[in-house]
Each structure stands twice: as C-alpha cells, then as structure tokens.
Amino acid sequence: MATLLRDRSAAQRVTNIELFFDLVYVFAVTQLSHHLLGAPTVGGALQTALLLALVWLAWSYTTWVTNWLDPDQLAVRLLLVGLMLVSLAMSASLPRAFGDLGLWVGGAYAIMQIGRTVFMVVVLRGDPLRANFDRILVWCVVSGALAVAGGFVHGHLRELLWLLAVCVDLGGSTVGFAVPGLGRSHTSDWTIEGGHFAERCQAFILIALGESIVIIGTVLSGKESVTAGNVTAFVVAFVSSVAMWWLYFDRSAEAGAEIIANSDDPGRLGRSAYHMIHPVMVAGIIVSAAADDLVLSHPGTTASTAAAWLILGGPALYLAGHAAFKAVVWRYVPRTRLAGIAVLALLAIPARFIPELGLAACAAAVVLAVAAADYVPGLAARPAPAAITAQPATKT
C-alpha cells in the first residue's frame, strides 16, 4: 500500500485527475451563487455561508489527502472518482439543502469525510502518518453524524447541527485532532508539499472567478435586447473580476506558494493561510457574482438594501480575506486592503440613492485602486523580496 504515496524526490505537480475532480466544484460554486440570489437576505446569506463551508471542507480535506497520495495510482483515481460522484450529488442538492434534500447534503458530506479518512487509515498502515488519520477519523465520525442528523430535522435545528459539524471539522485542525488515548497531532507532523497545496487552493480561487465570468456572459446572452446600460454593466462586472484576479495572482499567489514550499512547517501555513483563510476570498467572489447577476439584469434600478449589501459586501469580503492571507504569510497588515474595506463601508451610507450600476462601478473602482496601489512605492502590500523567507516551525 505504501506505493500509493507520492514520490517526494521530485517537485510535485497537480495531476489531470485532480483538475477533473475540481470540475464538480465549478458546479457547486454556481449553485451557491444561485442560492444566494434566491434568498438575498441576512438569513439567506448565512445559509449560503454554511453551505460554502460544507463544500469547502469536502474539497479541502480531499486536497490534503491528494498531497500525500499519488493520483496516478489506480486506487487513488478510483477514490477521487467516487468522491466526485458524491460531491456531484451534494452539489445538485444545494438549492434544496434546507428543504426536502437536506439528507442528501448531510449524507454526502458524511460519506466523503468518513470514507476518505477510512481509505487513508488503510493505505497508511505502518506509516507515521497513520496516527494522524486515526485521530482525524474520530473527528470526522462526529462531524458526519451531526451532518446526517441535520438532514433528518428541519428549520433552525438543521442549521445548528450543520454548523456544529463545520465547527468540529474546522476546530479539529486547530487542536491537532486531539483524541483521548490517541494523543494529538502537531502541524510539523503534516508533512505536506507546500507548493502543491498552494497551487490547489489557487485553483479553487480560479474556479470561483470562473463562475463570475460565466454569470457575466450568461446574463448578457440571455437578454432579448442589449441596452447601453447592459453593456456598461457587462464591462464593470468584467473589470471587477479582473481586479480580483490581479489582486491575488499578480504577486501574492506565486510568492505565497514559494514561502509555504520553503517553510520548515508547511502544515501550519497550509492550515492557517490556505485551509482557513482562502474560503473567505471564495465567499467574496461568490457574493460578487450574485451582485453581477443583479446589476446586469437591472442596471438602472436604484440599489435596494439587499443589492447594496451584495455589491459592496462581495469586494469587502474578498479584501478582508486577502488582507488576512497577507498578514499570516508575511506577518504584515496591508493598509491598502483595510483602506479599501473602509471606503466600501462608507459607500453603504449613500448606497440606496445610487443606481445599482453606479454602485457596482464604485465597488469595482475600489478593488482596482487597491490592486494598482501595489505598484506605488511605499504602499505595496508585498514586502521586499529579502523579507520573504521560510517560516519557522512551531508546535501547535
């Protein structure tokens, strides 16, 4: 079974089967943005955030596993194909997750979390990593049971049980999946290949950005007649997506991958900077995609409270996630990101008196300005190359 592990003697690459696996999550992100559009309220936003957490954890835990396993091996490929099937069933059920298909969502989540971990326990027999997955299995059984139980009940009780399942799986990593009698893990035990892990998380950001591009094109193509307002909204939405891509991929993505690849404790950075923080940026992109749909559909409409929160909240979430990523990786608080969030918050004051298109243009301009500020000496959010060094290992 040891032959199922990656050969770490060479640089690790993202394989075709991993990219194929990601295609299911393109659909999942689409479902999440449509779920938010169908319920653009505080309650709807919280439900969408909860579903995003379930989707992200199912994908992220798989990413951790494929960092150790060799996806070119038949058994690993079959594992990923099986997880794809269950993920697709879960994604298809998301619009009715809080209705009649709750058990599909909760059951699919439990099958993925428990089944994947059982596979690792079997594969790693005799390997030092086995103890880590023995502990993870205990936590996943608990989270899986909560997820399934949530599928059987309704209303706020379902939301509570699923929230507890998310907290178990997120909290487990923060306490080293501690289990009485089995001990606990340290991040230094999670011997991931940092460059591969960073590249996989970058792929999910691209998945989310791809969804925003699809919405931009789909809404415009569905118009019977295209007005000047529609064209302007199309350009604004495209510029906003490009600005988000630029903000992350121009500098931080590659530099962050280099840091985690050279870190003495890549597991720590993988957990904090990628596993915990990247879904915040994904959430920002999903909210922005929902806002793009609204603006492209009715560009001249004065922004309602819900529309204003979507238009301004998406970029604010994205900037907050990117600021947190910078702070963890470089131990540097990017003032330009915080300033951008402050400007977006101030725009909320006159938002109800501004057409949706005008508000979206302002939000896009803020993100674009933050990205441009990285080229201004003294404002750049990335420290000088000499400051980019491997992070010291810490026991946590």
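The values are calculated or read from the model by the stated rules, or taken from the named source; none is laboratory data. All of these numbers come straight from a predicted model, not from anything done at the bench. Positions of Cβ are backbone-derived with ideal geometry, glycine not excepted, and every protein chain shown enters the neighbour counts. Quick note on the areas: whole protein, heavy atoms, side chains included, nothing else; ligands and nucleic acids left out. Shrake-Rupley method; radii C 1.70, N 1.55, O 1.52, S 1.80 Å.
Take the alpha-carbon centre of segment 255-270, take the same for segment 303-324, and report the distance between them in whole Å. Here the two parts' Cα centres lie 29 Å apart. Ellipticity at 222 nm from helices only: DSSP H runs of n ≥ 4 in the chain, each -39500 (n - 2.57), divided by the residue count, give -24000 deg cm²/dmol. Among A145, A198, A339, the largest mean-square fluctuation in a Gaussian network model of the chain (Cα springs under 10 Å) belongs to A339. Using a probe of 1.4 Å on the protein chains alone, the accessible area found for T3 is around 100 Å². In a simple Cβ point-charge model (Lys, Arg +1; Asp, Glu -1; nothing else charged), the chain has a dipole of about 660 debye relative to its Cα centre. Separation of segment 108-148 from segment 21-70 is 20 Å, based on Cα centroids. For the pair T227 and H186, what calculated FRET efficiency results from E = 1/(1 + (r/R0)^6), where r is the Cβ-Cβ distance and R0 = 51 Å, to the nearest 0.05? That pair, H186 with T227, gives E of 0.30. A simple spin-label model places the labels of L85 and V376 5.5 nm from each other, with each point 7 Å out along Cα-to-Cβ.
Once the chain is represented by equal point scatterers at the alpha-carbon sites, with solvent omitted, what log10 I(q)/I(0) does the Debye formula produce at q = 0.06, 0.11, 0.14 Å⁻¹? These q points yield log10 I(q)/I(0) values of -0.24, -0.81, -1.27.
Sites listed here are trypsin sites (Lys or Arg not before Pro) in segment 327-358 whose DSSP assignment is loop and whose Cβ has at most 16 other Cβ atoms within 10 Å: R331.
If R0 equals 30 Å, the separation of the Cβ atoms of N16 and A365 corresponds to a calculated FRET efficiency of about 0.15. Taking packing as the residue-averaged number of other Cβ atoms within 10 angstrom, the listed peptides 309-315, 174-180 run from highest to lowest as 309-315, 174-180. The average projected area of segment 185-270, computed from the convex hull of its Cα atoms over all directions, is 6.6 nm². Here F238 and A203 are evaluated by their C-beta separation; at R0 = 22 Å the FRET efficiency comes out at 0.55.
Put a dot 7 Å past the Cα of Q73, heading toward its Cβ, do the same for Y332, and the two dots end up 4.0 nm apart. Who wins for biggest fluctuation among L23, L247, L94 in a Gaussian network model of the chain, springs between alpha carbons below 10 Å? Maximum among the listed residues: L23. Reported to the nearest whole Å, the Cα centre-to-centre distance from segment 153-206 to segment 340-354 is 35.
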